[in-house]
Amino acid sequence: MKQEKLRCGIAGFGKMGRLRAHYISQRSDVELVGVYDLDDVSHNPHVGDFYFVKSFKELLSLKLDAIFICSFNDVNAKYSIESLNSGIHVFCEKPPARNSIELLSVIQVEKKTNLVLQYGFNHREHYSIIEAKKIITSGDLGKLLWIRGIYGKAGSIDYDSNWRNFKKYAGGGILIDQGIHMLDLYRHLTGLEFEVVDGLLTKSYWQTEVEDNAFITLRSGEIVATLHSSANQWRHKFLLEMHFQEGYLVLDGILSESRSYAPETLVIGKREFEDISFAMGKPAETKTWYEYDDSWKREIEFFFNAIKSGNTKKLSSSSDALKVMQLIENIYSKSGFYNE
């Protein structure tokens, strides 16, 4: 018996919506039956031949099995709730909401259903991250000592006018937009929960109402983690360093659609200071370059497989999303940035 295709819709057809549509269209078991966007993009030659609806309500009326929510942050929770209440499985981009209160409302509805709710933390599915996770889990490098991360954007001529820099739409600035990925990786790679020691947010350059730099210190027991997320790095930069008793991991660069954060590499170093004449300061290293990024494809595959199998284990669950959102809120609170 031929299995019917899953009927899928997309809410929000900007960069992320189009990216999701590209990978959905590659699957033979899914049919993209409708797209909704605030703007009329149906005549844009770069969009593709999709059926555009005029409202989110109309999108939900198309008897969808699944929906991808790729909208502004201010409607992520609202759209997720309405979709779940309509019996539709939900894949929502990060951040899951503007704050944890909005997200808790989604989780309350999720608990009443038997539906899949997954969030788009695609960095987890990069091959360098997957390999780093395996090494950490193996215990070969011993106990984790500390973490240091940098995630920076080049900015653009119209950066300050982008919707992500309006608090009512985004909920915050560079931290909730980009730094959230690094904070999620800290939790994902280590399995640890972190408390906020200090958070300093600034508007160093861009004249917006949200932060363009976040300088953060976290702690989990004796382990200290720092993060600098910046919108005036003037180049795209991703760097994650993790140091252990027996060596270190350095994730330098990460592949993206623009490849402006490339190359993506993983350095594995082994502690070596026994011979102070020759080996000190020159540890043995191996470096791997990654040429392909299947993270978008992999997380979509996980989502649809979970729907078809009834698997309740999520790649990036609402619990994961809530904990990283609470961490971000604690940073905002500690900094006092939005109380000034």
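Every listed requirement among (1) surrounded by fewer than 18 Cβ atoms within 10 Å (Cβ to Cβ); (2) closer than 26 Å to Ser318 by Cα is met by Ile176 save one, (1). For the stretch 162-173, the set of residues classified as surrounded by fewer than 24 Cβ atoms within 10 Å (Cβ to Cβ) and assigned to a loop (DSSP other than H, G, I, E, B) consists of Asn162, Phe166, listed by residue number.
A Cβ distance below 6 Å, combined with a sequence gap of six or more or placement on separate chains, defines the contacts here; from the stretch 89-101, residues that are outside the structural domain of Asp65 (by TED's automatic domain parsing) reach no residue that is crowded, with 24+ Cβ neighbours inside 10 Å and among the polar types (S, T, N, Q).
For the stretch 1-102, the strands (runs of 3 or more DSSP E) that sit wholly inside it and include 3 or more residues that are on the phi < 0 side of the Ramachandran plot, at pLDDT 95 or above and within 20 Å of the chain's Cα centre (by Cα) are 66-69, 89-93.
A quick yes/no check of all residues on (1) of a type in the set (S, T, N, Q); (2) in contact with a Gly (Cβ under 8 Å, 6 or more places away or on another chain):
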site: Ile180; (1), (2): no, no
site: Glu193; (1), (2): no, no
site: Gly199; (1), (2): no, no
site: Thr202; (1), (2): yes, no
site: Thr208; (1), (2): yes, yes
site: Glu211; (1), (2): no, yes
site: Ala214; (1), (2): no, yes
site: Thr217; (1), (2): yes, yes
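Checking Gly247, Gly253 one by one, the residue that is among the small types (Gly, Ala, Ser) and touching an Asp or Glu at 6+ places or on another chain (Cβ under 6 Å) is Gly253 and no other. Just to check your reading of the model, which residue among Arg148, Arg187 is over 24 Å from Glu93 (Cα atoms), charged (D, E, K, R) and at pLDDT 95 or above? Among Arg148, Arg187, only Arg148 is over 24 Å from Glu93 (Cα atoms), charged (D, E, K, R) and at pLDDT 95 or above.
Just a yes or no: is a residue in the stretch 197-205 more than 21 Å from Ile176 (Cβ to Cβ) and in contact (Cβ under 8 Å) with a residue 60 or more places away in the chain? Spell out the reasoning first.
To start, the set of residues in the stretch 197-205 that are more than 21 Å from Ile176 (Cβ to Cβ) comprises none.
Within the stretch 197-205, not a single residue is more than 21 Å from Ile176 (Cβ to Cβ) and in contact (Cβ under 8 Å) with a residue 60 or more places away in the chain.
Scanning the stretch 123-139 turns up no residue that is in contact with a strand residue (DSSP E or B) (Cβ under 7 Å, 6 or more places away or on another chain), β-branched (Val, Ile, Thr), outside the structural domain of Ile268 (by TED's automatic domain parsing) and surrounded by 14 or more Cβ atoms within 10 Å (Cβ to Cβ).
Restricting the stretch 183-203 to residues that are touching a Ser or Thr at 6+ places or on another chain (Cβ under 8 Å) and more than 16 Å from Gln326 (Cβ to Cβ) leaves a set whose member that is surrounded by the fewest Cβ atoms within 10 Å (Cβ to Cβ) is Asp198. Could you list all residues from the stretch 281-340 that are farther than 18 Å from Val106 by Cα, of a type in the set (Ser, Thr, Tyr) and part of a helix (DSSP H, G or I)? Passing the criteria: Ser295, Ser309, Tyr332, Ser333, Ser335, Tyr338. Answer yes if at least one residue in the stretch 230-243 is closer than 30 Å to Lys78 by Cβ and touching a residue at least 60 places away in the same chain (Cβ under 8 Å), and no otherwise. Yes. Annotation note: Cβ proximity below 9 Å between a residue of the stretch 51-69 that is within 20 Å of Ile300 (Cβ to Cβ) and a residue that is of a type in the set (Lys, Arg) and outside any loop (DSSP other than H, G, I, E, B) (sequence gap 6+ or interchain) occurs for Leu62/Arg7; Leu64/Arg7; Asp65/Arg7; Ala66/Arg7; Phe68/Arg20.
The values are calculated or read from the model by the stated rules, or taken from the named source; none is laboratory data. Just so it is clear, the structure is predicted and the values come from calculations on it, not from any experiment. Heads up, the Cβs are rebuilt from the backbone with ideal geometry, glycines too, and the neighbour counts pull from every protein chain shown.
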